[in-house]
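Structure first, commentary second.
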Amino acid sequence: MLEVKGLKKVYRSGSREVEALRDLTFTVDNGDLVCLVGPSGCGKTTLLRCISGLLEPTSGDVKVNGKAVAGPPPGMAVVFQEYGRSLFPWMSVRDNVELPLKQKKVSKPRRAELVEEALDAVGLTGTETAYPWQLSGGMQQRVAIARAVAYEPETLLMDEPFAAVDAQTRADLEDLVRKLWQRLKVTVLFVTHDIDEAVYLGRRVVMLSSSPTVVQDELVIDLPAERDQLHTRADPRFIELRTRVYEQIQLAKKAAAK
Amino acid sequence: MLEVKGLKKVYRSGSREVEALRDLTFTVDNGDLVCLVGPSGCGKTTLLRCISGLLEPTSGDVKVNGKAVAGPPPGMAVVFQEYGRSLFPWMSVRDNVELPLKQKKVSKPRRAELVEEALDAVGLTGTETAYPWQLSGGMQQRVAIARAVAYEPETLLMDEPFAAVDAQTRADLEDLVRKLWQRLKVTVLFVTHDIDEAVYLGRRVVMLSSSPTVVQDELVIDLPAERDQLHTRADPRFIELRTRVYEQIQLAKKAAAK
Amino acid sequence: MTVARRLLFAAALPVVLFVGWWVLSADSESFYSPPLSEILTAFGNTWTLAAIKAEVVPSLLRLFAGYLLASIAGVGLGLAIGLNRRLRATLEPVLEFFRAIPPPVLVPVIMLFAGIGDGMKVIVIVFGCVWPILLNTVEGVRAVDSVVLETARSYRVTGTARLTKVILPSAGPQIVTGLRQALSIAIILMVISEMFAASNGLGFTIVQFQRSFAIPEMWSGIILLGLLGFALSLLFRLAEKRVLRWYEGLREAQRRAG
Amino acid sequence: GTSSDSDSAGGDSGTGGVDKVKVGVIPIIDVAPIYLGQKQGFFSKRNIELTMEAGQGGAAIVPGVVSGQFQFGFSNFTSLMIAQTKSVPIKAVAAGVASTGVQGKDFGAVVVKGDSPIKTAAELAGKKISVNTLKNIGDTVTRESVRKAGGDPSKIEFVEMPFPNMPAALDGGQVDAAWVVEPQLTAIKAAGGREIASTFVDAAPNLTVAAYFASTELIAKDADLVTRFTEAINESLTYADANPDAVRAILADYTKIDEKGRAAVVLPKWPVEINKASVETLAKLGEQDGIFSGTPDLAKLLP
Amino acid sequence: MTSVRRGNPAWLGHPAFLGSAGLAGLLLLIELLPRLGVVDEQYLPPTSAILAALADEAGTGQFWISLKDTLVAWGWGLFIAVAAGVLAGILIGSVPVLRELTASTIEFLRPIPSVALIPLAVLLFGTEIGSTLLLVCYAAFWQVLVQVLYGVADVDPVAYETARSYRFSGWARIRYVLWPTALPYVFTGVRLAASVALILAITAELVIGSPGLGKDIAIAQASQAVPTMYALIVVTGVLGVLINLLARTGERRLLAWHQSVRGEVAV
Ligand SMILES: Nc1ncnc2c1ncn2[C@@H]1O[C@H](COP(=O)(O)OP(=O)(O)OP(=O)(O)O)[C@@H](O)[C@H]1O
Ligand SMILES: Nc1ncnc2c1ncn2[C@@H]1O[C@H](COP(=O)(O)OP(=O)(O)OP(=O)(O)O)[C@@H](O)[C@H]1O
Ligand SMILES: [Mg+2]
Ligand SMILES: [Mg+2]
């Protein structure tokens, strides 16, 4: 279980202070798929960096399975927003996926197996020897996801992973994430600012307010577990839910403007 | 009027040949707003570059108001997909918008007026002296649009102008484009691969097939002229139209796979 | 506090080195490495205002003349070569060859043609330091972003405006890199040209001191040369900061975005 | 091999063995005897294994000798005296090269272009003359020639230029006259140039121009080696003086003078004795012209 | 230059052809200038005479020894400079305090012209190869160091955080993230350093008289052997071109993944 309690983060650079997160509290159960939405610049990335131990919060706690986070916790994988920059361009696709496993001291045959499985899962069999920059954007994004999947994490954090991908590829990747989550039973925390995406993907949606950021609202998405791009998005219930999220966020914005 | 007739473009690099466009024919009436959708890599950018005279077609004609295009035609402005690279980082926002006007030999007072108006229209008053890289992505995109608007074009070509912008900014920019089009009465050709966007924005949608590319279908969007993000997108007619476009494109893909 | 800290950091190592030299050389008996105190005394006695006027000023004048000529020639030729593929292909091997000839080797040859006056020294400087400027300009011009070029073309920015408003600023950072490399080479060549045939100048004076076994004075000359190089590179940095303000800001912004 | 240097500098390392000796020389005609002597075995028979290290002028060689990189060096007397007035610890050990003493047939001279209006040394006053090194032997002796001819030496404008560039500079009118040595002297004369003054001859009869020298440290520590080296050099000098053809032949080994040039150049004299009187004259002239900062102590410099 | 029109055969526009044409033009010009009497043959001998002298030189043992001496000084100097520059650069670059402490000193030492050290080199090493080595190392070291510092500063924060989030050890972060990022810069540094090292090696030989091609040039000059002098100059030029070519090839091989190389291939 992932617990965030009273999280606050203030950036200090010189004399300037930015209060990115004011007071954040929420939990994610093991095996859940939670989408986090919020307006641009509200601190979603900041939150994720705190959870993954890359950034120290100013105050408040982050606990993973009851243990406080200090430094990247084991068993957690992060898919960064800028996939293009998070893949190492000097390594082949295979090496990119394999390197964290090496660091984890997984045996060689097991590594080969994991890499193959992961690449297969994201539909990239056959590109092992290519360099990341020889792939299209969507394929690169899938390499980053494959790397996280091969790592066999218990918790998977994804930070607006599809923001830079074209709509078509994005739809494919959304379906992929749901499939992987259902199959591998990992805990997923998915950050996005696309409301439709959050509603389409999540079992729960957590809405953040504008800066200074608090949790604005939470919503359980009671759509059927089997979803598909065309029909789910045309489902009246879907439209109802997305409208609700949209209104909440507009509300948050207005509150901030005052 | 913009006429594209039997347009064909084959890229040759070394011994490799790519047939980006096979046989494209369509027209855009003066004052119309046409959206062009098609799968990634189908040749949308190629088409736009042919129309704007930046690229010589292998065969076929492009005519603007009856005159064949050879080199960038006067009275046409292009908003490039990569706004970040199309603004000159060594010039302030004002200079970026003003430079094309200087080249057009517009008098100095008139230039100042046009620049101010255009920046005002995109909501950027007060950023004149900033450099492009001091602005957020959405603001940069608006500078590129302001540059095109200040140029007072008769025809405005926009190549996936919002692909790299976050969803919120994107919605704002979509509304801006419709507002400008309604006010300034320019002919707009808007390229996108986002089906929702095309349906939301356009008066007509032209669908391209996968490569080798032909015109797959055309659709008149009979939504009311007054549109807004929340209600138009929830409108059953909107969903019907987007489903139709979606199906057409799926069809095109399947045909290509065969 | 931060200013004081920065000053402390900047001064710490130089002070340590200076004190180290002073202490280690304090009772040096070696004829060729006299105590630092002696060198400093010699420095005061040797580099009077009159001596600076007689020896340093002519050197600097030659340096500036050569550097200026090299800059003009390098940038001009670089633009032509960078913009014309065929010219580039034709001249590349010849230029590579001349660049690879160590300039001191050519001093005697240039003397054959240009005599021994200031003209010879200036030509030597030009010949040696034109290469980094030329090659960097060529690379810079070649690397101008294709989107930038197409934007300029589509807005019909042509002729001189294209050169001065688009190509030169875009290649600016790289041209400045070349200019910076050229500056240190120019100083080296200033000294070398004066070592061969001169009747005044800093290089000449140092060699004279060495030949007449005036060792502390020779050391003082070397130190002066170092100070001069330092001062010139400082000046250059200031100028660069002004000219390339946009570029530094851009890089900064890109880095922050990570 | 720095270690081997210090061994040999230390002296008696070669218990009956061979001393490795490095000599810093300027690769010009003047040092032909040492190359010849090496070839003739004058050094090896005294248990000296000779290596020649080329340096560009005395200024590069003196530091080498003082710091022990070279055991011996070759330099003109003016340079040696400059070093001496600055208390550089060196001392001459053998004669190097001397003027022929014959007017018009020496290995160094002031020359002008064939069609130059300058006819006598006195007319050089107020003219531009090139020398290879300023404030060195070239301008001293040229001044003396002008002085003797009745001109005003203080009016001469000297410019520095490497010898190889002088023919072209003279031809191109960049200088009015040039103080040159062989092989450029012959080349200029062959191209129609005229000799105005035999400067070494004017300065002193049978002027000893240069010498071989060592550091006082080596002389004190390894007198035996110095003695053997001096003997070998002296034998070489005598041999060279007696066998001009052998000298012309050996030039092919360490210079790139072509065959015609080798046959035509005027060879200097290589007497064994250093002409003390001429060195004293040279010292006086240098002092007069302000080349030294003090009075050279010849007793300390000469062997 | 005559412009090649579309109708002409393709090879007329090929870079290799144009490049050879450029070189041939230069050779022809140098042949003609003295022959036509534009310049005196004594100052600039025709190409044929230079080539003949070059052939003569190549027949002598001395030439090859000198070439070897120059290359040895160049190679060792470059090697030492690169090793020291890379180590120092990574150390200084990855420790912020060190970087701040050394910044001013580096700024001061870097622009000191290496030739100013010629007298110092002579004092320390006489005319031995050591003098050349000292100058070569000094000049080449800064080129490498500065480039490595740029490279280390250029590490993508996202890549670095990726490595951290997957719990890479400190060494693994240097080995897998820092080093590959800095590598292109290292190569640029090495390439710059290689040419500077050659220039300094030959300058040192020329000015100080330590053994090598530079000294031979000085001797040829002193002996009035003009064609030989030019022949040797040509050799230094060719040497420089070869070294540059070698460095570029190595760079292209090892950095196939890098933007700059990708760009070159695409053009
Ligand atoms: N390193 C930093 N130093 C100072 N302020 C920062 C820093 N990083 C982020 N911020 C500020 O903190 C706030 C939250 O930033 P964050 O990147 O977490 O937003 P986000 O929700 O991820 O936005 P987006 O949707 O655009 O990615 C912003 O106001 C931002 O300007
Ligand atoms: N300069 C080029 N040389 C060779 N092939 C090219 C070139 N530019 C584009 N192509 C090819 O032409 C086809 C169409 O490219 P284009 O950029 O027009 O597609 P697009 O519809 O704009 O795609 P996207 O939606 O990804 O921007 C692609 O297959 C592409 O690989
Ligand atoms: Mg973010
Ligand atoms: Mg495109």
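The values are calculated or read from the model by the stated rules, or taken from the named source; none is laboratory data. If you're wondering where the values come from, they're calculated on a predicted model, not measured in any experiment. Glycine also receives a Cβ, built like all others from the backbone with ideal geometry; neighbour counts cover every protein chain displayed. The accessibility values were calculated without ligands, DNA or RNA, using every heavy atom of the protein model including side chains. Shrake-Rupley method; radii C 1.70, N 1.55, O 1.52, S 1.80 Å.
In segment D:198-221, what residues are closer than 17 Å to residue D:277 by Cα, part of a helix (DSSP H, G or I) and open to solvent by 10 Å² or more (accessible area, probe 1.4 Å)?
Initially, segment D:198-221 is screened for residues closer than 17 Å to residue D:277 by Cα, giving D:199-211.
Next, from what is left, pick out any that are part of a helix (DSSP H, G or I): D:199-203.
Across segment D:198-221, the qualifying residues are D:201, D:202.
Hey, residue E:203 hits all of (1) under 30 Å from residue E:54 (Cβ atoms); (2) facing another protein chain (nearest Cβ under 9 Å); (3) surrounded by fewer than 24 Cβ atoms within 10 Å (Cβ to Cβ); (4) of a type in the set (Val, Ile, Thr) but one; which does it fall short on?
(3)
With the requirement that a residue be within 24 Å of the chain's Cα centre (by Cα) and exposed (fewer than 14 other Cβ atoms within 10 Å of the Cβ), what does segment E:25-61 give you?
E:58
Starting from residues that are assigned to a helix (DSSP H, G or I) and hydrophobic (A, V, I, L, M, F, W, C), keep the ones in segment A:8-49 and report whichever is farthest from ligand 4 (Cβ to nearest atom).
Here is the first cut: in segment A:8-49, the ones assigned to a helix (DSSP H, G or I) are A:44-49.
Filter once more, so that each one left must be hydrophobic (A, V, I, L, M, F, W, C): A:47-48.
Working: A:47: 34, A:48: 31 Å.
Applying the filter and picking the extreme gives A:47.
Could you please let me know if residue B:86 is in contact with a strand residue (DSSP E or B) (Cβ under 9 Å, 6 or more places away or on another chain) and farther than 21 Å from residue B:184 by Cα?
Details: in contact with a strand residue (DSSP E or B) (Cβ under 9 Å, 6 or more places away or on another chain): yes; farther than 21 Å from residue B:184 by Cα: yes.
In short, yes.
Within segment E:221-239, does at least one residue satisfy the condition of being at pLDDT below 80, assigned to a helix (DSSP H, G or I) and open to solvent by 10 Å² or more (accessible area, probe 1.4 Å)?
Yes; the residues of segment E:221-239 include at least one that is at pLDDT below 80, assigned to a helix (DSSP H, G or I) and open to solvent by 10 Å² or more (accessible area, probe 1.4 Å).
Only one of C:189, C:238 is more than 17 Å from residue C:47 (Cβ to Cβ) and open to solvent by 40 Å² or more (accessible area, probe 1.4 Å). Can you tell me which? Before you say what the answer is, go through the steps one by one.
On the way: C:189 fails: open to solvent by 40 Å² or more (accessible area, probe 1.4 Å).
Being more than 17 Å from residue C:47 (Cβ to Cβ) and open to solvent by 40 Å² or more (accessible area, probe 1.4 Å) holds for just one of C:189, C:238, which is C:238.
Output yes when any residue across segment D:225-245 is open to solvent by 50 Å² or more (accessible area, probe 1.4 Å) and part of a loop (DSSP other than H, G, I, E, B), and no when none is. Spell out the reasoning first.
Step one: filter segment D:225-245 for residues open to solvent by 50 Å² or more (accessible area, probe 1.4 Å), giving D:227, D:231, D:235, D:238-239, D:241-245.
Those still in the list that are part of a loop (DSSP other than H, G, I, E, B) too: D:243.
Yes; the residues of segment D:225-245 include at least one that is open to solvent by 50 Å² or more (accessible area, probe 1.4 Å) and part of a loop (DSSP other than H, G, I, E, B).
Condition first: farther than 17 Å from residue B:9 by Cα and within 15 Å of ligand 2 (Cβ to nearest atom). Now tell me which residues in segment B:22-38 satisfy that. Write out each step before concluding.
Applying the first criterion (farther than 17 Å from residue B:9 by Cα) to segment B:22-38 yields B:27-37.
Passing the criteria: B:35, B:36, B:37.
Pairs only if they're at least six apart or on different chains, beta carbon under 6 angstrom, first in segment B:39-57 and under 18 Å from residue B:251 (Cβ atoms), second within 16 Å of ligand 1 (Cβ to nearest atom); list them, first residue then second.
Final answer for the pair search is none.
List every residue pair whose Cβ atoms sit under 8 Å apart, with the two residues 6 or more apart in sequence or on different chains, where the first one lies in segment A:152-164 and is away from ligand 4 (no atom under 16 Å from the Cβ) and at pLDDT 85 or above and the second, anywhere, is of a type in the set (Phe, Trp, Tyr) and part of a loop (DSSP other than H, G, I, E, B).
Pairs found: A:159/A:80.
For segment D:270-303, enumerate the residues that are of a type in the set (Ser, Thr, Tyr) and either touching a strand residue (DSSP E or B) at 6+ places or on another chain (Cβ under 7 Å) or open to solvent by less than 50 Å² (accessible area, probe 1.4 Å) (or both). So that I can check it myself, show each step before the final result.
Initial filter on segment D:270-303 (of a type in the set (Ser, Thr, Tyr)): D:278, D:281, D:293, D:295.
D:278, D:281, listed by residue number.
Please work out which residue is nearest to ligand 2 (Cβ to nearest atom), limiting yourself to segment B:60-85 and to residues that are open to solvent by 50 Å² or more (accessible area, probe 1.4 Å) and outside any loop (DSSP other than H, G, I, E, B).
Ranking the qualifying residues of segment B:60-85, first place goes to B:85.
So that you can scan it fast, the table gives a plain yes or no per residue for (1) open to solvent by 60 Å² or more (accessible area, probe 1.4 Å); (2) closer than 30 Å to residue E:19 by Cβ:
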residue	(1), (2)
C:65	no, no
C:68	yes, no
C:93	no, yes
C:100	no, yes
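Taking residue C:55 and the conditions (1) under 30 Å from residue E:222 (Cα atoms); (2) in a helix (DSSP H, G or I); (3) within 12 Å of chain E (Cβ to nearest Cβ), which numbered condition does it fall short on, given that it satisfies the others?
Of everything listed in (1) under 30 Å from residue E:222 (Cα atoms); (2) in a helix (DSSP H, G or I); (3) within 12 Å of chain E (Cβ to nearest Cβ), residue C:55 misses just condition (3).
So, of the residues in segment A:27-45 that are under 21 Å from residue A:247 (Cα atoms) and at pLDDT 90 or above, which turns out to be nearest to ligand 3 (Cβ to nearest atom)?
Quick first cut of segment A:27-45, residues under 21 Å from residue A:247 (Cα atoms) only: A:34-44.
Restricting the remaining residues to those that are at pLDDT 90 or above gives A:34-36.
Values: A:34: 17, A:35: 14, A:36: 11 Å.
The selected residue is A:36.
Farther than 20 Å from residue D:264 by Cα and crowded, with 19+ Cβ neighbours inside 10 Å: does that describe residue D:133? Before the answer, list the steps.
On the way: farther than 20 Å from residue D:264 by Cα: yes; crowded, with 19+ Cβ neighbours inside 10 Å: yes.
Taking the combined requirement at face value, the residue satisfies it.
Condition (residue is among the β-branched types (Val, Ile, Thr), crowded, with 22+ Cβ neighbours inside 10 Å and either under 17 Å from residue A:156 (Cα atoms) or within 14 Å of ligand 1 (Cβ to nearest atom) (or both)) applied to segment A:13-23: is it met by at least one residue? Outline the logic, then answer.
If we filter segment A:13-23 for residues that are among the β-branched types (Val, Ile, Thr), which is where we start, we get A:18.
In the following step, the residues that additionally are crowded, with 22+ Cβ neighbours inside 10 Å were identified as none.
The answer is no; no qualifying residue exists.
Among the residues of segment D:27-58, which ones are at the interface with chain E (Cβ under 8 Å from one of its Cβ atoms) and within 30 Å of residue C:29 (Cα to Cα)? Give the derivation first.
Residues of segment D:27-58 at the interface with chain E (Cβ under 8 Å from one of its Cβ atoms): D:27-28, D:53-56.
Scanning segment D:27-58 gives D:53, D:54, D:55, D:56.
Residue by residue through segment B:217-251, note down the ones that are assigned to a helix (DSSP H, G or I), within 22 Å of the chain's Cα centre (by Cα), of a type outside the set (Phe, Trp, Tyr) and surrounded by 17 or more Cβ atoms within 10 Å (Cβ to Cβ).
B:233, B:241, B:242, B:245, B:248, B:249 - these are the residues of segment B:217-251 that are assigned to a helix (DSSP H, G or I), within 22 Å of the chain's Cα centre (by Cα), of a type outside the set (Phe, Trp, Tyr) and surrounded by 17 or more Cβ atoms within 10 Å (Cβ to Cβ).
Looking at this structure, is residue C:179 touching a Pro at 6+ places or on another chain (Cβ under 9 Å) and either open to solvent by less than 30 Å² (accessible area, probe 1.4 Å) or at positive phi (or both)? I'd like the intermediate steps shown before the answer.
Numbers: touching a Pro at 6+ places or on another chain (Cβ under 9 Å): yes; either open to solvent by less than 30 Å² (accessible area, probe 1.4 Å) or at positive phi (or both): no.
When the stated conditions are applied, residue C:179 does not pass them.
Scan segment A:189-208 and give yes if some residue there is within 12 Å of chain B (Cβ to nearest Cβ), touching a Leu at 6+ places or on another chain (Cβ under 7 Å) and not in a strand (DSSP E or B), otherwise no.
no
Return the residues of segment D:160-181 that are within 20 Å of the chain's Cα centre (by Cα) and modelled with pLDDT under 85; say none if nothing qualifies.
D:160, D:161, D:162, D:163, D:164, D:165, D:166
Within segment A:171-202, which residues are within 16 Å of ligand 1 (Cβ to nearest atom) and of a type in the set (D, E, K, R)?
Quick first cut of segment A:171-202, residues within 16 Å of ligand 1 (Cβ to nearest atom) only: A:189-198.
Scanning segment A:171-202 gives A:194, A:196, A:197.
Looking only at residues that are closer than 30 Å to residue B:80 by Cβ and away from chain B (no Cβ under 14 Å) in segment C:151-191, which one is modelled with the lowest pLDDT? Step through it out loud before you land on a result.
Keep residues of segment C:151-191 that are closer than 30 Å to residue B:80 by Cβ, which gives C:151-178.
Next, only the ones that are away from chain B (no Cβ under 14 Å) stay: C:177-178.
Numbers: C:177: 82, C:178: 86.
Taking the candidates together, the pick is C:177.
May I ask you to verify whether residue B:10 is more than 16 Å from ligand 1 (Cβ to nearest atom) and at pLDDT 90 or above?
On the way: more than 16 Å from ligand 1 (Cβ to nearest atom): yes; at pLDDT 90 or above: no.
Here the answer is no, as residue B:10 does not meet what is asked.
Give the residues of segment B:30-58 that are more than 12 Å from every other protein chain (Cβ to nearest Cβ) and either within 16 Å of ligand 1 (Cβ to nearest atom) or open to solvent by 50 Å² or more (accessible area, probe 1.4 Å) (or both), sorted by residue number.
Quick first cut of segment B:30-58, residues more than 12 Å from every other protein chain (Cβ to nearest Cβ) only: B:30-36, B:43, B:46-47, B:50, B:56-58.
Listed by number, the residues that qualify are B:30, B:56, B:58.
Just to be sure I understand the filter: pairs with C-beta atoms under 9 Å, separated by 6 or more residues or on different chains, first member in segment B:69-91 and at the interface with another protein chain (Cβ under 8 Å from one of its Cβ atoms), second member within 16 Å of ligand 3 (Cβ to nearest atom) and open to solvent by 30 Å² or more (accessible area, probe 1.4 Å). Which pairs pass?
B:82/B:164
When segment E:138-190 is examined, which residues are found to be within 20 Å of residue A:95 (Cβ to Cβ), within 14 Å of chain C (Cβ to nearest Cβ) and not in a helix (DSSP H, G or I)?
E:155, E:156, listed by residue number.
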